[in-house]
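Have a look at the structure below before the remarks.
The values are calculated or read from the model by the stated rules, or taken from the named source; none is laboratory data. Quantities reported herein were computed from a predicted structural model and do not represent experimental measurements. Cβ placement follows ideal geometry from the backbone for every residue including glycine, while neighbour counts extend to all protein chains displayed.
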Amino acid sequence: MLDPRLNILEKRFAGVKRVLVILSGKGGVGKSSCSSAAALLLAERGFQTGLLDLDFQGASDHLFLGVSPAFPEEEGGILPLQTAFGLKFMSISCFTGEHGVPIRGGAVTDALIELFAVTIWGALDVLVIDMPPGIGDEVLDILRFIPDSEMVLVTTSSSVSESVTGRLAYFLDSQHVPVRGVIINMDGPVKGGGKTGGTALSQYPVLARIPFLPGWEREIGDPELIKKGGFAAHMQDVLRELGF
Amino acid sequence: MHEWALAESVIETVKRETENRDVKSVDRVIISCGALQNIDEEIFRTGLEEYLTGDVPVKLESFLLETVPAEFSCNRCGNRWVLDPSSGLTEEELEGIHFLPEAAHSFLSCPECGSPDFTVLEGRGISIKSIEITEKGE
């Protein structure tokens with residue numbers, strides 16, 4: 001049996017100039033916050049931008065964007081949802097709503113391939129991909145299908161987060177996949193120190209140190225508030241470091 | 001119409017499978033259509049026609065579609081079952097699965113033990129079962 005979807009993937013991403021993959025070894029460090037804010041800021045600045053939430057089991061980007069997931073329109077495939085500032089958005093939540101998605105390895109890859117094969121992104125300056133934590137199927141599939149992606153790591157300043165995310169960085173290095181830099185989110189008094197020495201990520205450029213911002217929770221779901229808020233100001237620094 | 005994206009992938013596959021061969025004609029392409037995804041075969045065929053270009057010597061009539069029942073195996077209790085068309089799923093749930101078959105894990109469960117932890121053994125979506133070619137000189 002041949003899987004025909006694999007042969008159309010190159011065409012689906014042919015119009016995408018840059019792919020930023022936001023990932024971490026740990027969960028809850030702010031990947032979705034960073035992904036959503038970055039995508040909104042890029043779109044608001046006039047870049048043709050897409051945001052793809054690949055965290056199938058914890059999809060949340062629609063909550064940051066304030067979007068009610070809906071079945072996409074169809075034209076030669078499925079069209080990403082049009083959200084604030086013209087940002088194009090795709091997520092499994094479009095098909096599963098607020099239901100949990102209990103899927104295993106092979107099914108994760110199948111779902112990823114399906115989304116990649118049928119989503120018509122068109123011409124994009126940048127596609128931001130929000131990843132689930134860890135070094136699982138999704139990371140392996142990104143390396144397989146979009147090998148020119150740019151990796152941006154997110155961690156907190158906890159030595160535990162740095163250690164686990166360091167393993168992800170080491171893995172990417174072993175595959176000769178360049179890491180563009182690290183966002184240190186919810187940065188606190190312990191600046192990378194602690195039991196593991198905090199050196200796991202020290203070789204990578206720090207794109208931003210974002211303090212814990214109590215006001216961020218109020219901004220979630222409102223792109224206009226996000227655009228003007230403190231978290232976005234730090235993400236502008238990240239985007240500048242990345243050449244935007 | 002999202003079937004068109006899948007049809008496009010089938011045409012691209014036939015193109016790639018034939019490009020380094022001295023092909024006189026592509027005589028038959030058998031496509032398995034899994035009952036879980038339940039594609040609209042008419043829309044799919046329209047998509048095949050849309051993306052058929054002159055660079056692959058294949059006619060629309062050469063594409064044969066075979067429906068494959070969706071069969072599942074429960075990873076928790078070992079039960080195997082076939083998708084019942086009158087499965088009790090809502091239209092919205094069926095539509096979600098139609099777009100993305102893995103959405104089935106959000107809406108279906110083992111009829112024996114109720115677990116959503118199942119493997120789709122066959123009948124998930126679109127795959128190409130065979131491509132029959134006549135080469136020049138044959």
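Determine which single condition residue A:13 fails, assuming it passes every other condition in (1) surrounded by 24 or more Cβ atoms within 10 Å (Cβ to Cβ); (2) within 14 Å of chain B (Cβ to nearest Cβ); (3) touching a Phe, Trp or Tyr at 6+ places or on another chain (Cβ under 9 Å).
Unmet for residue A:13, out of (1) surrounded by 24 or more Cβ atoms within 10 Å (Cβ to Cβ); (2) within 14 Å of chain B (Cβ to nearest Cβ); (3) touching a Phe, Trp or Tyr at 6+ places or on another chain (Cβ under 9 Å): (1).
Which of the residues belonging to segment A:73-92 are in contact with a helix residue (DSSP H, G or I) (Cβ under 6 Å, 6 or more places away or on another chain) and either more than 10 Å from chain B (Cβ to nearest Cβ) or without any contact (Cβ under 8 Å) to a residue 24 or more places away in the chain (or both)?
Listed by number, the residues that qualify are A:83, A:84, A:85, A:86, A:87, A:91.
Being of a type outside the set (Phe, Trp, Tyr) and more than 19 Å from the chain's Cα centre (by Cα) is true for just one of A:106, A:66. Which residue is that?
A:106
Which condition number in (1) farther than 22 Å from residue A:61 by Cα; (2) at pLDDT below 95 is the one that residue A:243 fails?
Result: residue A:243 fails condition (2) only.
Which residues, counting only those in segment B:1-25, are buried (at least 23 other Cβ atoms within 10 Å of the Cβ) and outside any helix (DSSP H, G or I)?
B:2
Looking at segment A:159-172, I want the residues that are on the phi < 0 side of the Ramachandran plot and have a partner that is assigned to a helix (DSSP H, G or I) with Cβ atoms under 9 Å, at least 6 apart or on another chain. Which pairs are those?
A:168/A:139; A:171/A:139; A:172/A:139; A:172/A:143
Can you find a residue that is closer than 21 Å to residue A:116 by Cβ, surrounded by 19 or more Cβ atoms within 10 Å (Cβ to Cβ), of a type outside the set (Lys, Arg) and away from chain B (no Cβ under 14 Å) anywhere in segment A:23-33?
yes
Which of the residues spanning segment A:50-72 are part of a loop (DSSP other than H, G, I, E, B) and at the interface with another protein chain (Cβ under 9 Å from one of its Cβ atoms)?
First, the residues of segment A:50-72 that are part of a loop (DSSP other than H, G, I, E, B): A:54-55, A:59-60, A:66-72.
Within segment A:50-72, A:71, A:72 meet the criteria.
Only one of A:79, A:87 is closer than 26 Å to residue B:46 by Cα, crowded, with 17+ Cβ neighbours inside 10 Å and of a type outside the set (Ser, Thr, Tyr). Can you tell me which?
Checking each option against the conditions leaves just A:79.
When you scan segment A:111-222 for helices (runs of 4 or more DSSP H) that lie fully inside it, which ones turn up with 3 or more residues that are at pLDDT 95 or above and within 14 Å of another protein chain (Cβ to nearest Cβ)?
Output list reads A:137-145.
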